[in-house]
Amino acid sequence: MKSNCINKMSLTLPALSVNEGVGRAMVSAFCAQLNPTIEEIADIKCAVSEAITNCIVHAYREKQGEIYITVKIFDCRTVKIEIKDKGCGIEDTELVKTPLYTTDSSGERSGMGFSVMESFMDKLTLKSVPGKYTKVTLAKKLSPLEL
Amino acid sequence: MIRKNARIISEVKDDTLLAAIVGEIDHHGAFALRDELDDAMISARPKLVELDLSNVDFMDSSGLGVIMGRKSTADRIGAAFKLINPTTRVARIIELAGLGKVVTIEYRTTRKGTEDEK
């Protein structure tokens, strides 16, 4: 059965670390209209936080840029979140998804961002063109509403 | 002034530094947490560092970096390192990263040394 988008939110945030909290709070507030469980909303918040952090730390390398977030909710209780940057891009989109893989040498980055996103969401798609953009699409089907 | 999303409450007792993180751990707050915890560890020179995670409302993988980095600091100063009472959410991320294999995690019903435990 074809699912229909019933609501949509677009959000553009400067690539500032304070917006990690702002972004995840806004996305989770928007998703709240589907009455997700506390666990589901926590999963979404964490995955979104990872994707936004990647834009700030890796795509823009702590320099200026903008993060483009689109959230769509569907009548089948699926949430689809796109997080896009126009930063440096990724050469090897499979390698960066490897658990514990990080380009950081300080020892303070765990390299678990994509693993967390994959684990907490049902589907993750990563598209990137080096020098142009990176787009992460996250999808999660919420559990049926208990009446 | 942009608010900090986490703070640390710490005390030193009997060669143990107990540091509790209160709030959210993400990349935004990670540097401040790292510096404050390292300063506390280096100035106290404890034999044991206990990082209390029972009041962490949110943690993403940046928190794993904070934990791994503090374990390294503890190793450098010759202190043992434990995580105390991570919440279910925090424990899930720790488990996902396999951090439980390299860091001791302890669940307590009361804080060490409180009246309840005596």
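Just so you know, all these numbers are worked out from the coordinates, no wet-lab data involved. From a predicted model like this one, the values you see are computed outputs, not experimental measurements. In this analysis, Cβ positions are derived from the backbone assuming ideal geometry, glycine residues included, and neighbour counts consider all displayed protein chains.
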**OP:** Would you kindly state the longest site-free stretch of chain A, with sites defined as trypsin sites (Lys or Arg not before Pro) in a DSSP loop (not H, G, I, E, B) surrounded by at most 12 other Cβ atoms within 10 Å?
**Re:** A:64-131
Subject >> Spatially near lysine pairs across the range B:12-109, Cα under 14 Å, sequence gap of 8 or more or different chains >> reply: 6
**OP:** Count the DSSP beta bridges whose two residues both fall in the range B:12-109, then state the antiparallel fraction as a percent rounded to the nearest 5.
**Re:** 10 percent
Subject >> Reachable aspartates and glutamates, given that their alpha-carbon falls under 20 Å from the alpha-carbon of A:Lys84 and they are not under 8 places away in the same chain >> reply: A:Glu20, A:Asp43, A:Glu50, A:Glu62, A:Glu66, A:Asp92, A:Glu94, A:Glu118, A:Asp122, B:Asp26, B:Asp60
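Considering every residue in A:115-126, what mean count of other chain Cβ atoms within 10 Å of its Cβ is obtained? Don't jump to the answer; show the numbers that get you there.
Numbers: counts 4, 7, 2, 1, 3, 4, 0, 0, 0, 0, 0, 0.
Across A:115-126, the average partner-chain Cβ count within 10 Å equals 2.
Loop-only check: which trypsin sites (Lys or Arg not before Pro) in the range B:38-71 are DSSP coil with at most 15 other Cβ within 10 angstrom? Don't jump to the answer; show the numbers that get you there.
Numbers: sites: B:Lys47, B:Arg70, B:Lys71; in loops: B:Lys47.
Of the trypsin sites (Lys or Arg not before Pro), the ones in loops of the range B:38-71 whose Cβ has at most 15 other Cβ atoms within 10 Å are B:Lys47.
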